[in-house]
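Have a look at the structure below before the remarks.
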Amino acid sequence: MAYSENDLIAIGGRFSTQRLIEQANVSIAMARAHAAEISKMFPPEKVDELESIVTEIKTKYGTQADAKDAFGTGNVPVTAKIIEAKKWISSIITSADNAYEEEPEIRDEFHKAGKLGTSVPKILARLETLVVLADKHKADLAPWGVEDADIEKGRALIRDLTAADTAQEQAVKNLPAATKPLYILKGKAYLLLKKLARAARNIHGDDPTTAFGFNLNILKRHGRKPGNNEAPPAPAPTT
């Protein structure tokens, strides 16, 4: 399923515009320099598309002075709650795997879900299912580290993640209309950068130096915390 505009806004809001531009410039140059190899897994037209998007980002960033602080979701802890929820999910499943190693039919109940990514609806559905299962089988899970407090934590995560997601949706709705296109473009650029880095890691697996050049090191090195002239971070959807 394609990302919605709100998904792209949330992705774009995670990163400093200036650092995203810098990263894109480096990645595009690397893609051009290694075009013969990269084109095997990352179409040349996608490099052109990325370059075009970055050009638009530069234009919009230069003309939208309020873009730097318009996306007011910095205090919405969706990303943190997603990380916490996925850690809880992993912990419960690990305990269930140990408890029901010899009873695969029960064990498989804890695994009935597709890839979660960072989709809040999917994570919430998984939390709800596992809370019910953990409560139902708590006697068997207890020796493997699942206590009543852990089950209650799962319920609390459902409440907290639901509230945080609602707050983020409202923040996106409140984003000035003139600023939205910039964040959508940033989201598109980041997704292409990630795909390019993924392809390069596969192609240049035997050449660490070249592969390293495609990593998103500029974004990683500076982190996602904005400076005085950048938008606050916002959580991303499924990756």
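The values are calculated or read from the model by the stated rules, or taken from the named source; none is laboratory data. Small disclaimer: the values here were computed from a predicted structure and weren't measured. These accessible areas exclude ligands, DNA and RNA; they are computed on the full protein's heavy atoms, side chains included. Shrake-Rupley method; radii C 1.70, N 1.55, O 1.52, S 1.80 Å.
With the gyration tensor restricted to C-alpha atoms of region 1-160, the semi-axes of the equivalent ellipsoid amount to 43, 21, 12 Å, longest first. The residues of region 3-53 present an accessible area of 46 Å² per residue when probed at 1.4 Å with all protein chains retained. The alpha-carbon of residue 46 sits under 17 angstrom from the alpha-carbons of these lysines, leaving out residues fewer than 8 places away in its chain: 186, 188, 194, 195. For region 92-202, the spread of Cα positions along the three principal axes, ordered from largest to smallest, is 55, 39, 19 Å.
The orientation-averaged projected area of the convex hull spanned by the Cα atoms of region 1-62 comes to 5.0 nm². Pairs exceeding 30 Å between alpha-carbon atoms, taken from 40/112; 58/173; 60/81; 81/180; 40/220; 112/220: 40/112; 60/81; 112/220.
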